[in-house]
Amino acid sequence: MFYIINIMIIAKKKGKGENMGIIFNEQEKQFHIFNKSLSYVIGICQDGDIGQLYFGKPIRTDQKLQDYQSYGIRPLCCNEKDDEKYTKELALLEYPSFGDGDFGSSAYEVLQDNGSRVSKFTYQFHRIYKGKKPIPGLPATYTNEDEEADSLEIVCRDLISGLEVTLCYTVWENYSAICRHTKLKNTGDKKLKLEQALSCNVDFPDTNFTWLQFEGAWGRERSPKERDISSGITAIESLRGHSSANYNPFVIIKRKNADDFQGEAFGFNLVYSGNYIAKTQADTFGKLRFNMGINPKWFQWPLEPGEEFNTPEVIITYTSNGLNDLSQNIHRLMNNNLVRSAYKNKPRPILLNNWEATEMDFDEEKILKIARKGKEAGVELFVLDDGWFGKRNDDFAGLGDWYVNTDKLPDGISGLSKKINELGLKFGLWIEPEMVNEDSDMYRQHPDWVLAAPYRPRTLGRHQMVLDYSKPEVVDNIYDQLYAVISTASIDYIKWDMNRSITECYSQDVARDKQGMTYHKYIMGVYSLYERLRKAFPHILFESCASGGARFDAGMLYYAPQAWCSDDTDGHERVKIQYGTSYGYPVSMVGSHVSASPNLQTHRAMTIDGRANVAYYGTFGYELDLNEISEEDFESVKEQIKFMKEYRELFQYGNYYRLQSPFENNISAWMVVSDDRQTAIVTTHKTENIPNWGIERIKLQGLNPDIVYTINDKDDIYGDYLMNAGISLMNKERHWYESDGDYTTHMYILKGKVTK
Ligand code: GLA
């Protein structure tokens, strides 16, 4: 009876929003943030500290967890006022301070006027409300309707320095996710300087986890790499001024036995594109601390009385059902509540980009010839890449001068875009607005507009320098130049590139105590330009790019719904890159094109269909001169485009499953399934053709067990069999294995039939 009554109370408390809520238990001083797949409990603990009480599978909201915290005191631990019961060293904390008895890695550090860095905040009050507020100047998830999410702000204050720390949480009804960020405000009357302000901290009560990061370099971005984290510090970071191809700002902390299909895991996507750090610290008491945010290295943010600083947001996802489930949650959340675009949840246009066909060596006739052939194939959008502006004939000149090179394009971008439109194609344009070449009118006029350390030589990257986007006048100038081009032409798409990392990060003629702001102000400048262009031209589809995937992050996704995934367009390499990318980002974000064979980057040959089978799992397009391929291949291209037009919604927005990893298997596989589970497409890829190979079956996921599927219009097999026994890759209909060579892909289209 008691049990039944309790259930009723909980059901009543849940009220509207049904499966989600934030409950404050006044008596226990506990906040229970929950939805149908997770519970996150925090409390106002001893000394007014905010403690982490539970994070994991849903638990009852009506229990007392405070006493469960590890509060005990041990030799060499320090505690306030000789309170023998409480030491921070053993407690699990939400946003640990520096210098007050917690010896772990702190979440923030504040330098006070008197030189002290010691601080300690205590709970003041909180607010719970429906919906979610934007974070000024920063990318962040948002609600379409208030009912989608509940938010909590816990306002704390360091009574000595006056620093107010507001911990912000949002829980979503439809995703197993919580979003967090932190606001830091100077409510005192003296200057403060933030020397560290991370976005979030999560303390776990055990260290039985492994860490999964997504690493690489140019041309081989986002390979999954697992690391042991059971002792000491494990971290990844970027100090390149952008999130980087080296370590993506997305990390999974998972139970050691968790894999794509089962097990518990926590995902952390930083919604930010600049320098960052993600770190765990496993201490010798068995506590695991995770924190993430702007890299504190050379970060200093002065706060005058009354001023406030907002950290970027972290999307924290949780699963108890394996990493495919975790990824699908991220995909849905990003598609519905992070992407803002006329193309949000819409099929993406099939494009043809001239870069690998011509590089900068083109004129109008050459471009029109390529575009015409694209139109004949069924392409919808033509994109003119680098080389159309200033004196841009090679890497050495032109960046910064965003006016057309009339030697190449006598009728300008407006004339060319009109001609492309007349062919029945939309027109898109490449820009790289954050950079400048020494040989440019802009640099000659404004040498002080580049980031450069006094009296030191400048490091170049691709012969270019980085414009100082921390200065509003620089951003204004670029905006005006771009506005003039875009507003006078017919432009439906922009590829925004960024081809070098930041070095000598120093803002010329800016006060010495403001230099620590430069990296963050730089990326805020980039965001502000994106925002202005988005607002001025809301119909434009933006694609972000950074020498391929060197700024492929959730921050960029807020402004540009797709991102060039990698400059490596080799089909085999793309299997790995796109597979790794899928852990943290939706297929709709992945810029993927079919390019020439042998491939420009790897010199590897693959069939035209093999290349397309991989590129379908993305925005899809071509990056070659279709005039140069064989008649037979051109016919295939026409078929591919027809096929993609039929299935692109499924590829881009279906439920995506990793089935077999290319990093561990000779044959790898992935699939997408429609929401109604009536249609699915499975793609396999084989690295080496090994003679006389054994039985090969791949177990499918996400199908309806009770309906019969045809596979490429043959067979009649129930979903339960395909999921439990697998699809046979070597039956008599599919004995492709022996006739294939290396690097071959195959696709299986599954269609559900009415149940017999
Ligand atoms: C970068 C991009 C490429 C292409 C070139 C143009 O490398 O990643 O796709 O746009 O720049 O210079």
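Between the residues P58, L529, S244, the greatest Cα displacement towards the positive end of the dipole of the chain, with unit charges on the Cβ of Lys, Arg, Asp and Glu, is found for P58. Once Rg and the Kirkwood radius are both taken over the C-alpha atoms of the chain, their ratio Rg/Rh works out to 0.98.
Derived from the Cα gyration tensor, the three semi-axes of the equivalent ellipsoid of region 126-276 are 29, 21, 17 Å, largest first.
Of the GluC sites (Glu not before Pro) in region 222-307, the ones in a loop by DSSP (not H, G, I, E or B) with at most 15 other beta carbons within 10 Å are E307.
Among the listed pairs K88/K191; K36/K699; K130/K183, those whose Cα-Cα separation exceeds 22 Å are K88/K191; K36/K699. Which pairs, out of K120/K254; K645/K753; K64/K185, put more than 25 Å between their alpha-carbon atoms? Correct reply: K120/K254; K64/K185. Taking each DSSP H run with n ≥ 4 as -39500 (n - 2.57) and averaging over every residue of the chain yields -6000 deg cm²/dmol at 222 nm.
When region 539-582 is described by a simple charge dipole with +1 on each Lys and Arg Cβ and -1 on each Asp and Glu Cβ, the residue from Y559, H572, C545 located farthest towards its positive end is Y559.
In this Cβ point-charge picture (+1 for Lys and Arg, -1 for Asp and Glu), region 546-683 has a dipole of about 480 debye about its Cα centre.
Label zone of F396 (point 7 Å out along Cα→Cβ, amide N under 13 Å): in region 406-441 this covers 438-440. Tell me, what is the Rg over Rh of region 416-530, with Rh the Kirkwood radius over Cα pairs? That ratio equals 1.04. If you wrap region 455-514 in the convex hull of its Cα atoms and look at it from every side, the mean projected area works out to 5.6 nm². Considering only alpha-carbon pairs that sit under 8 angstrom and 6 or more positions apart, the relative contact order computed for region 345-395 is 52 percent.
Here the dipole of the chain is about 1600 debye; that uses its Cα centre as origin and unit charges on the Cβ of Lys and Arg (positive) and Asp and Glu (negative). Calculated on the alpha-carbon coordinates, the convex hull of region 49-176 measures out at 155 cubic angstrom per residue.
Using a cutoff of 8 angstrom between alpha carbon atoms and counting only pairs six or more residues apart, the relative contact order for region 376-432 works out to 44 percent.
Using alpha carbon centroids, what distance separates region 660-724 and region 613-630, in Å? Cα centroid to Cα centroid, the span is 24 Å. The Rg/Rh ratio of region 202-242, with Rg taken over Cα atoms and Rh as the Kirkwood radius over Cα pairs, comes to 1.05.
Short-range pairs are left out: with C-alpha atoms under 8 Å and at least six residues apart, the relative contact order of region 411-565 is 26 percent. The Kirkwood hydrodynamic radius of region 493-652, based on inverse pair distances between different Cα atoms, is 17.5 Å.
A short reminder: the numbers here are calculations on the coordinates, not readings from a lab. Just so it is clear, the model here is predicted, and its values are computed rather than measured. Every residue, glycine among them, receives a Cβ derived from its backbone with ideal geometry; neighbour counts consider all protein chains shown.
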